[in-house]
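The values are calculated or read from the model by the stated rules, or taken from the named source; none is laboratory data. Just so you know, these numbers come straight off a predicted model, no measurement behind them. All Cβ positions, glycine included, derive from the backbone under ideal geometry; neighbour counts span all protein chains shown.
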Amino acid sequence: MLGIDLGSRNVKIVQMQDGLVINHALYDTIWFYRNYGARLRSGLAWDLGELGFADDQVIATGYGKIMVQMGQARQIPEIQAHVKGAVFQTGLHDFTLLDIGGQDTKVVKVREGRPVDFMTNDRCAASSGRYLENMSVVLGMSVEELSSYSKAPVELNATCAIFGESEIIARIVEGCSLEELAAGVNLSLYRRSASMLQQMASELIVLSGGGALNKALQEIIARETGREVLRLPEPQLNGAIGCCVSGGMENAQNSEQ
């Protein structure tokens, strides 16, 4: 079973067998399409064998699932894929899933292992991983370093990723330390999803997507909400894992009929 999550920033591929991940890969989306995509009238296509993945049943989700042809691949909604992946990875069935992707953020209320409500912010990069990437360049530090600061955050008010850069520069001129500004960036990222988290509230918040690798963000969410916050073991691969889980469940149901 192959699960593919065609994200705006990264393409994630997972191969599972008997409930275990036996192979996986993560590629930059533009690099992946440029090097492996073959243009057809109906979109892009590629041979998964060239990537080292055996020919198998393919389930796809994500930003580019409509534009890319994958033979007989079945497509499933992102919310479904991410919830199934999170339930599989944690063994939990009641929580709020916060997925911070490259260019959008999704918040899903999960009950009894199923999504019962969700909200998304896909109109502004200021609530996504792209915002962290941009701010790390302005601060002159890696995303990993930026993601380590959560204490004494500087108040940042700009709600736009572009204007946020100007505000950071102004605060540097004022004498704010880079560590305090980095913490302010992480707090700002949380605040852009705070209202969604409040509306989709649970006692437990589960983090997925590339943003889940931000340790400071996890600390800030726990501090600001008073909730338990858990990061998935494989946050970036969660959508692709969910695709495999969905396909496996469908096969099991068909075999019972």
Query raised in the report: Since Gly211 meets every condition but one in (1) modelled with pLDDT under 95; (2) more than 24 Å from Gly239 (Cβ to Cβ), which condition does it not meet?
Result: (2)
Query - Near pairs, Cβ below 6 angstrom, 6+ apart or cross-chain, from segment 92-109 (part of a loop (DSSP other than H, G, I, E, B)) to any residue that is modelled with pLDDT of 95 or more and not hydroxyl-bearing (Ser, Thr, Tyr) - result: His93/Glu112; His93/Gly113; Asp94/Arg111
Query raised in the report: Out of (1) of a type in the set (A, V, I, L, M, F, W, C); (2) over 15 Å from Ala216 (Cβ atoms); (3) not in a strand (DSSP E or B), the odd one out for Val154 is which?
Result: (2)
**Report entry** Positions within segment 1-28 being of a type in the set (Asp, Glu) and closer than 13 Å to Gly102 by Cα, in sequence order
**Finding:** Asp5, Asp28
Report task. State which residue is surrounded by the fewest Cβ atoms within 10 Å (Cβ to Cβ) when the search covers only segment 94-113 and only residues that are closer than 21 Å to Gly62 by Cβ and among the acidic types (Asp, Glu). Result -> Asp104
